[in-house]
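No value in this document is a laboratory result; all are computed from the given coordinates. Being a predicted model, the structure only gives us computed values, none of them experimental. All Cβ positions, glycine included, derive from the backbone under ideal geometry; neighbour counts span all protein chains shown.
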Amino acid sequence: METKANYVAVGAFVLTCVIGLVVAILWLAGAQYNQEYSYYQTFFKGPVTGLGKGTITRYNGIEVGRIASLAFDPNDPQSVVVTLQVQPDLNIREDSIASIESQGLTGASYVEISGGTNTAPLLIAKPGQKYPVIRAKQSTLQQLEQSAPELVARLNVAAQRFSDLMNDENRRNVTHILANLDNVTSTLASRSGEIDAIIRNANQATKTLNTALLDVKPTLDDAQVTLNKYGKVADDADSFINGDALAQLPDLISQSRELVHSLNRLSDRLNKNPTEILFGDRRKGFDPK
C-alpha cells in the first residue's frame, strides 16, 4: 500500500506541474495577443535579402517591433511591401525614413526607422492606404553594391594608367632623377660653408642697402621740395598765360615801342644840340616885349 501511495503522490505532483506550465503558457500567449500594436508599411526597391516575418524593427537603433508580413507590390514587380508591427507610442513623423540595415558586414538584417524632425506632422494613412506608408531609402550596403561596379572600373583605369606611367623608360628616368638629386644634395652638403658665407654676405648687403636708403631719404625729400617749387612756377605760368595779363601784353609791347622811339629821337637831338635841352632853341630871333 505504501508503494501505491507514493506513485499517486508522484503522479499528482507531475500533473500539477503540467497544469501550471499550461496555465503559464496560456497566460503569456494571452498577454501577447492582448498587447496593442501600430502598423506601418514601407516599399523597398529591389531584393530584401535577410528580411522575413518576425525580423526585428528598430527606431533610432532601439528595438520597437517586428516585421508582420512581406508581399510583392502588385503595381510594381521590383518593389516589396513590408508591413511593420511596432509599438503604438512611437509618433513616427512624415519625414521618417525606413531602410534595410545590417549588424556589421555579415550580421543579420533588420529594418531601421529614422526619427525624423519634431516639426514634421505625424504620419497617418492617406486615402486608399491600409496603413501609413513610411518612405524608404536604399541601405548603405545596397548603395555600395550599386556603386561597386563603377568603383571597380575606375580602379582598373587607375591601375592601367599607373602601369603605363611606370614603364621601363619612365623607371629609368626616375632613377636618373633620383641620382641627380642625390648628387646635388651631396654637393650642397660639401659646400655648406660657402653657402653660409653667401647668406651672411647677403644679410650684410641688405643692412648696407637699408643704411644707404636712409641716407638717400633726405635727398629725396629735397628733390620733392624742388619739384613742388617747379610745380608752383608752372602753375603761375599757366595762370599768366590763361589770365588777363597775356591779353594786355600786345598793348604793353606797343607802348614800349613808342617809348623806345621817343628815346631815340631825344638821343638824336642831344647829339645834334646838347644845349637845347638846357637853354632852349637859341636860333629864334629877338622877340620884342
- prompt: What FRET efficiency do you get for Arg191 and Arg171 if R0 is 35 Å and r is their Cβ-Cβ distance, rounded to the nearest 0.05?
  reply: 0.70
task: For region 39-177, go through all pairs of different Cα atoms, get the mean of 1/r, take its inverse, and jot down that Kirkwood value in Å.
output: 17.7 Å
- prompt: In square nanometres, what is one fourth of the surface area of the convex hull spanned by the alpha carbons of region 38-120?
  reply: 5.6 nm²
Cut-off 18 Å, label 7 Å out along Cα→Cβ of Phe72, residues of region 99-137 by amide N: none
message: Using Cα-Cα distances under 8 Å and only pairs 6 or more residues apart, what relative contact order does region 44-113 have, in percent?
response: 35 percent
message: 5 Å is the cut-off here: which amide hydrogens, built 1.01 Å from N in the peptide plane, fall below it relative to Gly115, excluding neighbours closer than 5 in sequence?
response: Asn60
query: Based only on the alpha carbon positions, what is the Kirkwood hydrodynamic radius of region 87-128, in angstrom?
result: 12.0 Å
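Output the peptides 86-94, 120-128 sorted from most to least packed, where packing is the average of other Cβ atoms within 10 Å over each peptide's residues.
Top to bottom by mean Cβ count within 10 Å: 86-94, 120-128.
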task: Provide the per-residue ³J(HN,Hα) series for region 66-72, in order, calculated from phi with Karplus coefficients 6.51, -1.76, 1.60 and θ = phi - 60°, each as a whole number of Hz, with x at glycine and proline positions.
output: 9, 7, 7, 6, 10, 8, 6
message: What distance in nm separates the two pseudo spin-label positions at Gln87 and Ala120, each 7 Å out from Cα along the beta-carbon direction?
response: 2.0 nm
- request: Between Lys45 and Arg161, with labels modelled 7 Å along Cα→Cβ, what's the label distance in nm to one decimal, could you check?
  value: 3.0 nm
message: If you scale each eigenvalue of the Cα gyration tensor by 5 and take the root, what three semi-axes come out for region 38-82, rounded to whole angstrom and sorted largest first?
response: 20, 11, 9
